[in-house]
Structures are given as structure tokens and as C-alpha cells.
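Every read-out reported here was derived from the displayed coordinates using simple, explicitly stated rules and does not represent laboratory data. Everything quoted here is computed from the prediction, not taken from an experiment. For neighbour counting, all protein chains shown are included, and Cβ atoms are generated from backbone atoms with ideal geometry for every residue, glycine included.
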Ligand SMILES: Cc1ncc(COP(=O)(O)O)c(C=O)c1O
């Protein structure tokens, strides 16, 4: 077997040590087949002088490649490309088969559970290949950068800039174990020890935020969101608060969005009073009615107020919930403090998964999947709204916009939303009553005001064929309850 020509080895060591850069280069050449099995590598001395690096750099790199199974060494003859590199070896292992849709019986995965992506459509085989590419890398076994792998942060910065108009660089990104951890970090870093003003949250709203506020005893207050007019922006900007948590592009669970004027008012309020906006952009990739609003973070950057915004994103909707990877984009001056909190809460995020995700994003897999899923979810949304129309006529009104993975409906009759949800669960349909998203009665004065009953139905993981029959079943339950009342 011929000796390898190393003339086209280019060492780019941005953010890496020379040893890491050389390791990645050689590994890549072996994996893509340009360095054939059995071919001999130059001696450590020859390669060091060719690349103008120290001989130790080459020796340690060869040792690492040897340890990970990419190279073999033969006494007195040198180093050779292994006949079966570890990644190929790993790909011969049959991939873990995905759980077929419907067999995972966790309540959160059942029909119409809000917040679950279409698990059957996820390209699991492709994802397994990315995982296998990295899972054998012993260099990823030790503690890693608490902020997240640089490769992933760079991939996310490019993705967020182009798809969500977020203005950021990799230094501002912190990889987390999902939006939930990002929310906890954001709320903790925005508290100053002498804060007397409350942190504002939407109601109805995402319960997971209130759990953090209560756990850490953070003073908070509520801002109303209604189906017709959305968030009560005037009530926010007239208050003296530390900040506000928002889902501006698809309010959870009411499904409305803030227009540009409202966003600018909130940004101005934050800028003027040095207050915080925590922007949870959890499912903005899926907008069907209109073009997605750009992020508030991007808008704030244009208004010279990006220092007041913490942007939060998650892979739960664009990939799958169990991945447990999210990210936050923070003003540069806040990054160190966020890392202190992340360190205290959890330490680093699993590195092999981060490496696989970085490749999935940079090689275009994520954007391709999102593009496909936008069409899938739009089609499901259409079937949902058509089925609701067919079985409920004017009795049920869809109040959410065409976006995301859920639909919110309300009705005026006296049918109790909690009772309907309980009965639905008994026949395997999980819908969430609006009360689930409301703070306890004693927490707000306004909760006693009359409102229509409402429920939230997730359609992300419902199969197309199941939607209409399940809406029909719901309508039977609803009209039986209505009959009992009359
Ligand atoms: C409002 C909101 N934010 C964020 C998330 C994602 O959270 P995580 O990344 O912790 O899965 C969800 C999931 O349902 C959500 O509803």
C-alpha cells in the first residue's frame, strides 16, 4: 500500500488546539475514504516538519488516533490507517430501532398531548449515523466546555442569524439541557439581591416558568393574555418590574403573536428601565398563516437594546423532546454569570450529542427537516381545523393562529373544560384545559373574571388518519355533557 500524501492537510485551529485540529483533519480523511485502509502515514518527524508544528503535537495526535482505533502501528514500520476504522465498525451495529408511534404509552405522548413533535417523521437513521460518527471519540469523554462545544455554538449562531434574525456570535450562546434549564438560568441571573420589583409572566402561560419562580422564591406577577387582543402590553409598560418572560411569536397556550409595534414598545420599556426581556422562541420555525416575525432579540439589537434581551430556543419542537438540548443567547457581559449558574445547576451538557447536533446543523439536516415538517404540520393544522368545523360547527371557535404544534379552542356553553379533559383522557385523548395554564386563584385578582371555557389540543404527534376520528370522539363527549346540562 502506498504512502499517504499529506500535502493537502490544512491545519485550521480556530478555537482548537493544534493537536485537536490535526486529529480532526486526519480522522476526516480516513472517514471520507481519501486515506485508504492500510496506507502508511509519514513519520512523526516528517509530518511535524512539513506542517511546521512541534513533533510532540504529531506524536500525541497519532497516539490519540491509535487509541481510538483509526490507526494501527507496526513495530519499526510506522503508523498505518486501520483496516476497520471505529466509525465503520460502529455502523455495522444495527441501529437502535425507534419506538413505533403509538406504543409509547406515556400520557405526554398520547393523542393530542400538546408540545410533542411528530416522532415518526424524525430522520432517526440519519441521526443515528451522526451519533455513531462521534460516540467512539474518546476525546469527548472528559469534561468539556461548560458553555457547549464550540462547533455546536458556531452552527447555532449561523442558524439563528439566518433563520430567526438573531444577532449573535458563538461567544453569546450557552448550550443547555433544554428551554427549561435556560429559563431557570435566565431567571436566576436577572435577579439582583436588592430587587423589590416583581418579574412578570404571561397568564395563561407556560407553567414551567412559574415552577422556577416559585422554587427559587423569585417575586413575580402576572400579565394577562387574551384570545382577541393578545398580551396586555400597556399593563407591562406601565409597571415597574425587573423584566418579563414572553413567548412573543406564538404565545403559549393562546397562540397569538406580538406585532412589531408591541415588540418595540416592550423593547423601549426594557431599555429605558434597564429591565429584562426573556424571549422564549420555542416553536417559531412553524408559522403557516404568515411569514414568521423576526426575533425580538434581533429587533432589540437594531434598537440598541440587545443587552436587555435573553433569547431562548430548544430542539424539542424541531427535533424531538427527549434530545434535551436547548440554547440561550445572552448579552456578552452576562455570559460568565450564566455559566456560574449552569455550573451550579448541572455542569456540562452531554458532548457526543452536541457534536452530532453540530454536524446535523452544518450539513443541512436540521433545515431540511424543518422545511419538511412545516408542510407536515400545516397539513395537520388544516385537517384539525376542518375536523373541528365539521364536528362542532360554530360551537367551538379556534382562537390560536396557524402556527406551532397546537390549536386552542374555546366555547361559550357551560360544559366544563376540566370535566371534558378528564373524560377524554379515559378514552386515550389528552387535551389540556385552560385552567392548567392559569395561576392558582389566590395568586391573582383577575382570575375570577368570567371567561369562556377552552382547551389546548396538540397535533404535532397525531397521525393524519387519527385526527378526524378523534375530534369526532371528542365531539360525542362534549355533546353528551351538554345534553346532561340541559
Ligand atoms: C412555551 C414553551 N417553551 C419551551 C418549550 C420547550 O421546552 P424544553 O426545551 O425544556 O423541552 C416548550 C415545550 O412544550 C414550551 O411549551
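Give the whole-number value, in cubic angstrom per residue, of the convex hull volume spanned by the C-alpha atoms of the chain.
That works out to 159 Å³ per residue.
Give the Rg/Rh ratio for the range 178-235, taking Rg as the radius of gyration of the Cα atoms and Rh as the Kirkwood radius, to two decimals.
A ratio of 1.00.
Work out the FRET efficiency for residue 10 and residue 333 from their Cβ-Cβ distance, taking R0 = 41 Å, and round it to the nearest 0.05.
Computed FRET efficiency for residue 10 and residue 333: 0.70.
Run the numbers for residue 46 and residue 192: contour at 0.36 nm per residue of separation, minus the present Cα-Cα distance, in nm.
Roughly 46.8 nm would be gained on extension.
For the range 156-303, report the translational diffusion coefficient in µm²/s to the nearest whole number, using Stokes-Einstein at 25 °C, 0.890 mPa s, and a Kirkwood Rh over Cα pairs.
Approximately 155 µm²/s, per Stokes-Einstein.
Could you tell me the relative contact order of the range 288-370? Use alpha-carbon pairs under 8 Å, at least six residues apart, and round to a whole percent.
Relative CO of the range 288-370 lands at 20 percent.
Test of understanding: what is the full-extension gain from residue 464 to residue 370, defined as 0.36 nm times their sequence separation minus their Cα-Cα distance?
This chain segment gains 32.0 nm when fully extended.
Just want the ordering: 434, 254, 296, from fewest to most Cβ atoms lying within 10 Å of their own Cβ.
Sorted ascending by nearby Cβ count, the order is 434, 254, 296.
Going highest first, how would you order 466-476, 36-46 by mean Cβ packing within 10 Å?
466-476, 36-46
Any idea what angle helix 351-362 forms with the longest principal axis of the chain, computed on alpha-carbon atoms, 0 to 90 degrees, nearest 10?
The answer is roughly 80 degrees.
Residue 158 versus residue 265, label points 7 Å from Cα toward the beta carbon: distance in nm?
That separation, rounded to one decimal, is 4.0 nm.
Using the alpha-carbon centroid of each, what span in Å lies between the range 320-397 and the range 199-232?
The two parts, judged by their Cα centres, are 21 Å apart.
Is it possible to state the helix-based mean residue ellipticity at 222 nm for the chain, with each DSSP H run of 4+ residues giving -39500 (n - 2.57), the sum divided by total residues, to the nearest 500 deg cm²/dmol? What is it?
-12500 deg cm²/dmol
If I fit a long axis through the Cα atoms of helix 260-273 and take the longest principal axis of the Cα atoms of the chain, what angle between them do I get, 0 to 90°, rounded to 10?
Taking Cα atoms only, the helix is inclined about 80 degrees.
Relative to the longest principal axis of the chain, what angle (0 to 90°, nearest 10) does the C-alpha long axis of helix 124-135 take?
Taking the Cα atoms of the chain, the angle to 124-135 is about 50 degrees.
Using label points projected 7 Å from each Cα along Cα→Cβ, tell me how many nm separate residue 17 and residue 476, to one decimal.
About 6.7 nm, to one decimal.
Let me have the relative contact order for the chain, percent, based on Cα pairs under 8 Å that are six or more residues apart.
Relative contact order comes out at 18 percent.
Going 7 Å from the Cα of residue 235 along its beta-carbon direction, which residues of the range 449-465 have the amide nitrogen within less than 11 Å of the resulting point?
Under cut-off, by backbone N: 449.
If packing is taken as the average number of other Cβ atoms within 10 Å across a peptide's residues, how do 26-32, 135-141 rank, most packed first?
Packing proxy ranking, top to bottom: 26-32, 135-141.
Using a 10 Å cut-off around each Cβ, can you sort 76, 224 from fewest to most neighbouring Cβ atoms?
Fewest to most other Cβ atoms nearby, the residues stand as 76, 224.
Using the number of other C-beta atoms within 10 angstrom as an exposure proxy, rank 319, 464 with the fewest first.
Fewest-to-most Cβ neighbours within 10 Å comes out as 464, 319.
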